[in-house]
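Right, one structure below, let's go through it.
The values are calculated or read from the model by the stated rules, or taken from the named source; none is laboratory data. Bear in mind the structure is a predicted one, so any value in this text is a computation, not a measurement. All Cβ positions, glycine included, derive from the backbone under ideal geometry; neighbour counts span all protein chains shown.
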Amino acid sequence: MLPTLNPPLVSFCTPTYNRPEYLRRVVESCLAQTYRHWEIVITDNSNNNETANMVAKWTDPRIRYFSNGGNVGPAINSNRAFLMARGKYVQLLMDDDLIKPKFLERMVAAFEKNPTVGVVMAPMELIDAEDRRIFPKFYVFRTMHHRYRYQVGDGLIERKRVLRDFLTRDYPCCVPSGILYRAEALRFDPAAEAVRRMPFDPANEAWRLPLPFDPAADFAGDLLMSMKIAAQWDFYYIDEGLSSWRFIPVGHTAKIHKTGLKISVFYDVTRQVLALEPVQEMFRDEWDKLKRDSLFFCTCRAVMLNGLAAMRARSLKLLLDTIKTVCKQDPYLTNHLRLPFWAMNQIWVSIFPPKLPPPRE
């Protein structure tokens, strides 16, 4: 017998677009959860009836489906799913990723024991189009066994530490299918509650607010969302592979890494986070250094990602445009001088990675 759904404790929010077969696998991974108190909210950008017809075959009352009547864009699609969610905890579960059976069991337990936590995260395995485990090479040298392996062992991560890492070192988490959010932590804008009560209308400018997914953040909307939470909430890390990120060489993520990214987005997101009052208060005693190091991290990512894309595409224009953007966005000469040393260190740790015990399987 299913538990009461009024309200569900966890909401899976799954925006989808013309991928019924992948969506079927996602829903089946939800149905296989050992923790049963959940709902899945599917918001559909599809321009045909294939997804609607497939969802109609499921009779489980925890599956809720909403068509957008066409493609309203990924950000509005995601925000609609968030605003329809009724859970105390929320996951943005992408329509081509998967979660393991104990995903909710582990993550909900961490939340319930840690009331200051806004995000529970865990490393993600990588899979191909047929759900097979893969170990692709990223950044030429680096073999990727897991995405977002933050540390060895479970533990509470205080907000100052995790936010410093987001800004200056690496992203502790980003792909939302490996994350569970506290719904309260996602309420950045009071206007969201008013929009929640409105009839869905993508033409209404209210749906373009950061609710919590910011349409202006381009490809970094999920990153900005996690960084905003880190400004006010602690994180909890579970050192266990609890989800799978689908890496397809012809997919969108792989494509933009080959053709180049709009790298000004890294700087825009960083400056937006640095402008938050809780962040300025948190780092008041080291503000100048934090600002400089944050822009340096943006520069490192910009040069690495678009530099590699320029090499693959043999595009001198992309390389020159990247250099021009970096010089415009990062005014610190010392940051530019540090770049070669950072690059050599990245190559070294990619070829000779530290020997660490693997996360739990």
Query raised in the report: Within the range 338-359, can one find any residue that is in a loop (DSSP other than H, G, I, E, B), under 28 Å from Leu224 (Cα atoms), in contact (Cβ under 8 Å) with a residue 24 or more places away in the chain and touching a helix residue (DSSP H, G or I) at 6+ places or on another chain (Cβ under 8 Å)?
Result: no
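Thr334 - would you say it is buried (at least 16 other Cβ atoms within 10 Å of the Cβ), touching a helix residue (DSSP H, G or I) at 6+ places or on another chain (Cβ under 8 Å) and part of a helix (DSSP H, G or I)? Quick ask: steps written out before the conclusion?
Values: buried (at least 16 other Cβ atoms within 10 Å of the Cβ): no; touching a helix residue (DSSP H, G or I) at 6+ places or on another chain (Cβ under 8 Å): yes; part of a helix (DSSP H, G or I): yes.
No; evaluated as a whole, the condition is false for this residue.
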Requested in this report: Specify the residue that is farthest from Arg292 (Cα to Cα); the eligible residues are those in the range 156-212 that are free of Cβ contacts under 8 Å to residues at least 12 places away in the same chain and not charged (D, E, K, R).
Outcome: Pro199
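Quick check on my filter: what residues within the range 275-303 are among the aliphatic types (A, V, I, L, M) and either assigned by TED's automatic domain parsing to the domain that holds Gln232 or crowded, with 18+ Cβ neighbours inside 10 Å (or both)? It would help to see each step written out before you state the result.
Quick first cut of the range 275-303, residues among the aliphatic types (A, V, I, L, M) only: 275-276, 279, 282, 290, 295, 302-303.
Val279, Met282, Leu290, Leu295, Ala302, Val303 - these are the residues of the range 275-303 that are among the aliphatic types (A, V, I, L, M) and either assigned by TED's automatic domain parsing to the domain that holds Gln232 or crowded, with 18+ Cβ neighbours inside 10 Å (or both).
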Report task. Scan the range 131-175 for residues that are among the acidic types (Asp, Glu), modelled with pLDDT of 95 or more and more than 16 Å from Glu240 (Cα to Cα) and jot them down. Result -> Asp131, Glu158, Asp165
Query raised in the report: Just to be sure, is Val55 modelled with pLDDT of 95 or more and within 25 Å of Val119 (Cα to Cα)?
Result: no
Requested in this report: Return a yes/no flag: does the range 176-186 have any residue that is touching a Leu at 6+ places or on another chain (Cβ under 6 Å), surrounded by 19 or more Cβ atoms within 10 Å (Cβ to Cβ) and either outside the structural domain of Ser29 (by TED's automatic domain parsing) or within 16 Å of Asn77 (Cα to Cα) (or both).
Outcome: yes
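Only one of Thr270, Thr259 is touching a Cys at 6+ places or on another chain (Cβ under 6 Å) and on the phi < 0 side of the Ramachandran plot. Can you tell me which?
Thr270
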Query raised in the report: For the range 230-240, does any single residue satisfy the condition of being within 15 Å of Ala75 (Cα to Cα) and in contact (Cβ under 8 Å) with a residue 60 or more places away in the chain?
Result: no
Query - Qualifying positions in the range 274-323 - over 24 Å from the mean Cα position of the chain (by Cα) and of a type in the set (Lys, Arg) - result: Arg284, Lys289, Arg292, Arg312, Arg314, Lys317
Query raised in the report: Which one of these does Asp201 not meet: (1) exposed (fewer than 15 other Cβ atoms within 10 Å of the Cβ); (2) at pLDDT below 90; (3) out of contact with any strand residue (DSSP E or B) (no Cβ under 9 Å at 6 or more places or on another chain)?
Result: (2)
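Take the residues of the range 348-361 that are surrounded by 14 or more Cβ atoms within 10 Å (Cβ to Cβ) and at pLDDT below 95: which is farthest from the chain's Cα centre (by Cα)?
Step one: list which residues in the range 348-361 are surrounded by 14 or more Cβ atoms within 10 Å (Cβ to Cβ), which gives 350, 359-360.
In the following step, the residues that additionally are at pLDDT below 95 were identified as 350, 360.
Details: Ser350: 23, Arg360: 22 Å.
Of everything passing the filter in the range 348-361, Ser350 is farthest from the chain's Cα centre (by Cα).
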**Report entry** Failed item in (1) closer than 23 Å to Leu242 by Cα; (2) in contact (Cβ under 8 Å) with a residue 40 or more places away in the chain; (3) surrounded by 13 or more Cβ atoms within 10 Å (Cβ to Cβ), with Arg36 passing the rest
**Finding:** (2)
